[in-house]
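The values are calculated or read from the model by the stated rules, or taken from the named source; none is laboratory data. In this text, all values refer to a predicted model and were calculated from it rather than measured experimentally. Don't worry about glycine lacking a Cβ; one is built from the backbone with ideal geometry, like all the others, and counts go over all protein chains shown.
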Amino acid sequence: MYTLRGHHLFCLLGYRGMGYSKEYVENMTALHETLRDNPKTMINIVNGPDYLCEKYPKSAEYHCQNDDIYKRDTAILEKIGLTTGQVLRWEDIESHIRNYIVPADIQIVCETCSWRSYGVCEEGIKAIKEGKGLRKIN
């Protein structure tokens, strides 16, 4: 079972192998591949730092506990109808995304995200809505 916070549910949709450091990328790639290959993997939705935050580089400004990040977590969970403390399969999270999100929602709930300008999250949501699941990382 993995712990994930609200906004990382969306980050995984758009993930394309970019990240804050080599260690962070390796960790996120491994999780992304696990969820893609095993959508029944259990996820515990947490409020605050999660499995991915564990590998955030110590040399960078740690933003995992910034108020803005908590607000983004809350907005995303509210939008997809989930709450902290829930434990569910990744495929169930994808189902919530499919039912409650459209690609344009990224522009609103992820307004302050530095990765938003790449447009990959919208592509990830589109793939989920089409029933394709997480895309392979090139």
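The criterion of being outside any helix (DSSP H, G or I), of a type outside the set (Phe, Trp, Tyr), loosely packed, with under 14 Cβ neighbours inside 10 Å and in contact with a helix residue (DSSP H, G or I) (Cβ under 9 Å, 6 or more places away or on another chain) does not hold for Gly85. Taken over region 1-25, the criterion of being more than 21 Å from Tyr100 (Cβ to Cβ), modelled with pLDDT under 95 and of a type outside the set (Ser, Thr, Tyr) is satisfied by Arg16, Gly17, Met18, Gly19, Lys22, Glu23, Val25. Would you confirm, using the coordinates I've provided, whether Pro39 is in contact with a helix residue (DSSP H, G or I) (Cβ under 8 Å, 6 or more places away or on another chain) and surrounded by fewer than 15 Cβ atoms within 10 Å (Cβ to Cβ)? Judged against the criteria, Pro39 is not a match.
Within the option set Glu94, Glu130, being under 12 Å from the mean Cα position of the chain (by Cα) and not aromatic (Phe, Trp, Tyr) holds for one residue only, Glu94. Filtering Arg72, Arg16, Arg36 for residues that are out of contact with any strand residue (DSSP E or B) (no Cβ under 9 Å at 6 or more places or on another chain) and part of a loop (DSSP other than H, G, I, E, B) leaves a single hit, Arg16.
Of the residues making up region 1-35, just one is over 22 Å from Gln65 (Cα atoms), out of contact with any helix residue (DSSP H, G or I) (no Cβ under 9 Å at 6 or more places or on another chain) and among the charged types (D, E, K, R), namely Glu33.
Cβ-Cβ contacts under 6 Å between residues 6 or more apart (or on different chains), taken from a first residue in region 16-39 that is under 19 Å from Cys113 (Cβ atoms) to a second residue that is crowded, with 16+ Cβ neighbours inside 10 Å and among the small types (Gly, Ala, Ser), are listed as Val25/Gly19; Met28/Gly19. On the stretch given as region 108-138, residues that are assigned to a helix (DSSP H, G or I), of a type outside the set (D, E, K, R) and either at pLDDT below 90 or touching an Asp or Glu at 6+ places or on another chain (Cβ under 6 Å) (or both) total 3.
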